[in-house]
1. Can you tell me which condition Ile57 does not meet? The list is (1) surrounded by 14 or more Cβ atoms within 10 Å (Cβ to Cβ); (2) within 14 Å of Pro147 (Cα to Cα); (3) at pLDDT 90 or above, and all the others hold.
2. Residue check: is Lys152 of a type in the set (Lys, Arg), touching an Asp or Glu at 6+ places or on another chain (Cβ under 7 Å) and either farther than 21 Å from Glu44 by Cα or surrounded by fewer than 12 Cβ atoms within 10 Å (Cβ to Cβ) (or both)?
3. Looking at the structure I just gave you, is Asn79 surrounded by 13 or more Cβ atoms within 10 Å (Cβ to Cβ) and free of Cβ contacts under 8 Å to residues at least 60 places away in the same chain?
4. Taking the range 155-165 as the search range and keeping residues that are touching a residue at least 12 places away in the same chain (Cβ under 8 Å) and part of a loop (DSSP other than H, G, I, E, B), which one is surrounded by the most Cβ atoms within 10 Å (Cβ to Cβ)?
5. Residue check, Lys16 against (1) out of contact with any Gly (no Cβ under 7 Å at 6 or more places or on another chain); (2) surrounded by 10 or more Cβ atoms within 10 Å (Cβ to Cβ); (3) modelled with pLDDT of 55 or more, all met but one. Which one?
6. Looking at the range 100-116 only, could you name the residues that are surrounded by 14 or more Cβ atoms within 10 Å (Cβ to Cβ), in contact with a Phe, Trp or Tyr (Cβ under 8 Å, 6 or more places away or on another chain) and assigned to a loop (DSSP other than H, G, I, E, B)?
7. Do we find that Ile65 is modelled with pLDDT of 95 or more and either touching a Leu at 6+ places or on another chain (Cβ under 8 Å) or surrounded by 15 or more Cβ atoms within 10 Å (Cβ to Cβ) (or both) in this structure?
Amino acid sequence: MKKHINHGLKILFSIKYLYLIAIVCLLSCKAQKEGHTPVGESMEGMVLLDYNDFTSIDSFETRVIRDVKSLNKFYREINKTRKPGLPVPMVDFSKEMLILICLGEQQGEKSPVLSKLKETDQEITIALEVLEKENKEGTKVQSVNFPFYLYKLPLVDKPLTFQRVDD
């Protein structure tokens, strides 16, 4: 009986050490340490509302959408080649506005990072960085995408200007 208890304790300690080693490996992982610090301040209340890798828009473009008509026009444009098309999100434009970012032709997976650079009485300047998403180990083939990102944020009366930040 004593042998079984000692053997059980050895297994229990082995599992604890294995668990401890796994935690240390996860915490010391390079990907865990690397993070991205935005150029400016974070944007209060900004939420990613819609995203898709394939649009018919082949050049970089940013738009501020403040009404249903403009939103519907954009979705008509990207849904021309889709059956069924992407649904148009419901937005209360009396309280919210949208920022549309079309990245144009992109190799691999990339995503925008928005941050507020400065705010004056006349306008708000937004920094726009396009970051490469981490590839899985061994992935060599990069697809060509034409992504768009649609962000919702609280309504502001000032015009928004975008400043692209390159690496």
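The values are calculated or read from the model by the stated rules, or taken from the named source; none is laboratory data. Keep in mind the model is a prediction, meaning the values are calculated, not measured. Backbone-built Cβ (ideal geometry, glycine too); neighbour counts: all protein chains shown.
1. Result: Ile57 fails condition (3) only.
2. The answer is no for Lys152.
3. Details: surrounded by 13 or more Cβ atoms within 10 Å (Cβ to Cβ): yes; free of Cβ contacts under 8 Å to residues at least 60 places away in the same chain: yes.
It is true that Asn79 is surrounded by 13 or more Cβ atoms within 10 Å (Cβ to Cβ) and free of Cβ contacts under 8 Å to residues at least 60 places away in the same chain.
4. This residue is Val156.
5. Failed condition: (3).
6. Leu103, Gly104
7. yes
Residues are listed down the side, and each one gets a yes or a no for (1) farther than 21 Å from Val130 by Cα; (2) modelled with pLDDT of 85 or more; (3) not hydrophobic (A, V, I, L, M, F, W, C):
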| site | (1), (2), (3) |
| --- | --- |
| Lys33 | no, no, yes |
| Ser42 | no, no, yes |
| Gly45 | no, yes, yes |
| Tyr51 | no, yes, yes |
| Asn72 | yes, yes, yes |
| Thr81 | yes, no, yes |
| Phe93 | yes, yes, no |
| Glu96 | yes, yes, yes |
| Gly108 | no, no, yes |
